[in-house]
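Chemist: Here you go, one structure.
The values are calculated or read from the model by the stated rules, or taken from the named source; none is laboratory data. From a predicted model like this one, the values you see are computed outputs, not experimental measurements. All Cβ positions, even for glycine, are placed from backbone atoms using ideal geometry, and neighbour counts span all protein chains on display. Calculation scope for accessible area: heavy atoms of the full protein, side chains included, ligands and nucleic acids excluded. Shrake-Rupley method; radii C 1.70, N 1.55, O 1.52, S 1.80 Å.
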Amino acid sequence: MKKNVKTLVIAAMCLALCWVLPLFTGNNYQLGNMLSLMHIPAILCGFVCGGPVGAIVGFIAPITRHLIFNAPPLTTAIAMMFELSVYGLVSGLLYRLLPKKLPWLYVDLVGAILAGRIVGAAVKFIIAGIQHTSLGFGEVATAMMVTTLPGTAIQLVIIPILVIALRKAGLFSNEKSL
């Protein structure tokens, strides 16, 4: 399959997974926030398709999911647009730049998660200010990091396994040799 077609198909599958995976929480907002299932395909898209494609999928997934399922809530979807976009971008860029060994895969993943959480917290802080909520950035960032710990643990287990499996299957578009 040509590289562009393969990238488009994989990106579309990641977007579809962003819409469908949160259904496993029964659209329970607290459980969904805790498990962060929409984050997995956004990060994975960056690894597999590259940073720019991962950023696009991460950016459009939350708002399109909100429009289709009326979940997540609009203000959350707006913050997630930036958070997931950074996940896709950073995971793809770091994967492309760093060695393709398992320890570096974790460096890529943790870097993407931290960068995305910081950007997501910043956007939530801005939204809280617009809504006249008196939360400080530290409070927003801490709450975001703590409530998503189970999701982060899931990501740290599942994403490296999926990256290795998809790479062995020859599905990667984000390789320097391509």
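Chemist: Dipole of the chain, Cα-centred, from +1 at each Lys and Arg C-beta and -1 at each Asp and Glu C-beta, to the nearest 20 debye?
Modeler: For the chain, the charge dipole is close to 680 debye.
Chemist: So what are the radius of gyration and Dmax for the Cα set of region 110-160, in Å?
Modeler: Spelled out, the Cα radius of gyration and Dmax of region 110-160 are 12.3, 40 Å.
Chemist: Rolling a 1.4 angstrom probe over the protein heavy atoms, how many square angstrom per residue are accessible across the chain?
Modeler: 50 Å²
Chemist: Ordered by packing density, taken as the mean number of other Cβ atoms within 10 Å over each peptide's residues, highest first, how do 79-91, 29-41, 47-59 rank?
Modeler: 79-91, 47-59, 29-41
Chemist: For a protection proxy built on the mean count of beta-carbon atoms within 10 angstrom, sort 114-120, 140-146 highest first, please.
Modeler: 114-120, 140-146
Chemist: Of the heavy-atom accessible surface of region 75-137 (probe 1.4 angstrom), what whole percent is carbon and sulfur?
Modeler: Carbon and sulfur atoms account for 78 percent of the accessible area of region 75-137.
Chemist: Based on the alpha-carbon gyration tensor of the chain and its eigenvalue square roots a ≥ b ≥ c, which shape applies: rounded if a/c is under 1.5, prolate if not and a/b is larger than b/c, or oblate?
Modeler: prolate
Chemist: Over all directions, the average projected area of the alpha-carbon convex hull for region 19-106 comes to how many nm²?
Modeler: Answer in nm², one decimal: 5.5.
Chemist: On to the next question. Taking the alpha-carbon distance from K100 and a cut-off under 28 Å, which lysines remain once sequence neighbours fewer than 8 residues away in the same chain are dropped?
Modeler: K2, K3, K6, K168, K176
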